[in-house]
1. If only one of Ile345, Ile301 is assigned by TED's automatic domain parsing to the domain that holds Ile267, crowded, with 17+ Cβ neighbours inside 10 Å, within 23 Å of Asn275 (Cα to Cα) and touching a residue at least 40 places away in the same chain (Cβ under 8 Å), which one is it?
2. If you check Glu173 against the conditions, is it at pLDDT 85 or above, out of contact with any strand residue (DSSP E or B) (no Cβ under 8 Å at 6 or more places or on another chain), part of a helix (DSSP H, G or I) and over 29 Å from Ile314 (Cβ atoms)?
3. What is the residue count in the stretch 326-352 for residues that are under 14 Å from Gly396 (Cβ atoms) and aliphatic (A, V, I, L, M)?
4. I'd like the residue in the stretch 361-397 that is of a type in the set (Val, Ile, Thr) and surrounded by 17 or more Cβ atoms within 10 Å (Cβ to Cβ) and, out of all such residues, is modelled with the lowest pLDDT.
5. Have a look at Leu277, Leu263 and point out the one that is closer than 24 Å to Asp340 by Cβ and surrounded by 18 or more Cβ atoms within 10 Å (Cβ to Cβ).
6. May I ask you to say which residue of Ile120, Ile154, Ile132 is within 23 Å of Ser37 (Cα to Cα) and of a type outside the set (Gly, Ala, Ser)?
7. Is there a residue being touching a helix residue (DSSP H, G or I) at 6+ places or on another chain (Cβ under 6 Å) and either modelled with pLDDT under 75 or polar (S, T, N, Q) (or both) anywhere in the stretch 133-142?
8. Which residue, of Arg283, Arg356, is of a type in the set (Lys, Arg) and touching a helix residue (DSSP H, G or I) at 6+ places or on another chain (Cβ under 6 Å)?
Amino acid sequence: MKVFEKQSNIFRLLSEGVSEGIVVVNEDQVIVACNGSANEIFGYETDELIGKPLNILIPREHHKEHKGHFEGFVRNKEKRSMGNGRDIHGVRKDGTKFPVEAGLNPFSIYGNNYVMALVIDISFRKEQERQIRELNARLEERIEERTEKLHSTIEELKEEVKLRMEAEAKAKEALEKERDLNELKTKFLSLVSHEFKTPLSGILTSATLAGKYTQTEQQEKREKHLGTIKNKVKYLNNILNDFLSIERLETGKVCYKYSSFPLSKVINEVIYNANMLLKDGQRINYPKDIDGYVIEFDEKILELVLSNLINNAIKYSGEHTTIDLEVGFEDNILTFTIIDQGIGIPEKEQGFIFKRYFRAENALLDQGTGIGLNIVKTHLENLGGSIIFKSEENQGSTFTVTIPTTNT
């Protein structure tokens, strides 16, 4: 076509002012025109590319696929960019490959079809992109390192906070224990002072009076005071045993001894001793059908438990009242139920009844240390048993004890 002939200045005039490389090929993929920028990009002299096949500017490995792409493009005749998201490359005269960006424009002149390619050497841009990728990769590595260090620091801080919280909790617990201990010491001294002082005063008074009754006919009065002394001494001995029991329980020096024994033997001893404490008109209802029970348990602990509960029932019940002792055995569980008609336990104080040294406000005028139920509960739990109760003030209380055992 004359428009692309060497002596024609039309194409050269239009194309030389364009910074992009312009390459025009015909339907046979033969280069018919190119501008100076294209020659410079691909390393050719002026008009050196004219008449050369387009493949001279395309890497050898893409020749085959490029032919099909070109033919399809000519048929569709629409403007588009080459590559469609892929990296495309050109080949210089010296054989070096370099990245390019190309836009394709089909057109027709005088009944002949052509394709104009606007080519840009993007080597510099790609190098910048590569450097940016490297910088980003290094930045991500540094961020990852810093993040890891930060995470590690946070974990260390969390661990330190955890240790401090644990230390504070231990210090708080130790402080509370110290306060509780001081409170217990105060209560203990108060109890010892009160509970020992009263019996000792009674012993001193009875001993003084007994010493005055020297005549034979005064023997009955002497025996009365001697009996009082014996009861007071027994009471003091029980208090001392309770305090010793606490010490053994706290230090883990309790040694439980299992043995087989008739249940009636223990209950008879407990009720016999309790009968000496009965007030005027009080009575204890003996449990039914227990003569055939021979159980395996710690005999002394069972006697301590039942004695404590029955003695409490007597102490906190008025005259002419009844204390019921019921016994049941089912599935290797022995159950004792002690029911009284006493003063009961105020509802607001029932949650503290097993706490050591605690005494309900309606029981403060009666003798007691407030440690009996605590000892009972601790022994039972150590042996796999339990104790529960229900109570209503001025109506009475019901204590239920369960222990694991076998009826042999």
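The values are calculated or read from the model by the stated rules, or taken from the named source; none is laboratory data. Note that the structure is a prediction, hence the values are computed from the model and not measured. Quick reminder, even Gly has a Cβ in these numbers, built from the backbone with ideal geometry, and neighbours come from all protein chains shown.
1. Numbers: Ile345 fails: within 23 Å of Asn275 (Cα to Cα).
Checking each option against the conditions leaves just Ile301.
2. On the way: at pLDDT 85 or above: yes; out of contact with any strand residue (DSSP E or B) (no Cβ under 8 Å at 6 or more places or on another chain): yes; part of a helix (DSSP H, G or I): yes; over 29 Å from Ile314 (Cβ atoms): yes.
When the stated conditions are applied, Glu173 passes them.
3. Within the stretch 326-352, residues that are under 14 Å from Gly396 (Cβ atoms) and aliphatic (A, V, I, L, M) number 4.
4. Taking the stretch 361-397 first, the residues of a type in the set (Val, Ile, Thr) are 369, 371, 375-376, 378, 387-388.
If we keep only those that are surrounded by 17 or more Cβ atoms within 10 Å (Cβ to Cβ) as well, we get 369, 371, 375-376, 378, 387.
Numbers: Thr369: 69, Ile371: 79, Ile375: 86, Val376: 90, Thr378: 89, Ile387: 96.
Across the stretch 361-397, the extreme among qualifying residues is Thr369.
5. Details: Leu277 fails: surrounded by 18 or more Cβ atoms within 10 Å (Cβ to Cβ).
Matching residue, one of Leu277, Leu263: Leu263.
6. Working: Ile154 fails: within 23 Å of Ser37 (Cα to Cα); Ile132 fails: within 23 Å of Ser37 (Cα to Cα).
On inspection, the qualifying residue turns out to be Ile120.
7. Restricting attention to the stretch 133-142, the residues satisfying the condition of being touching a helix residue (DSSP H, G or I) at 6+ places or on another chain (Cβ under 6 Å) are none.
Scanning the stretch 133-142, I find no residue that is touching a helix residue (DSSP H, G or I) at 6+ places or on another chain (Cβ under 6 Å) and either modelled with pLDDT under 75 or polar (S, T, N, Q) (or both), so the answer is no.
8. Numbers: Arg283 fails: touching a helix residue (DSSP H, G or I) at 6+ places or on another chain (Cβ under 6 Å).
Just one listed residue meets the conditions, Arg356.
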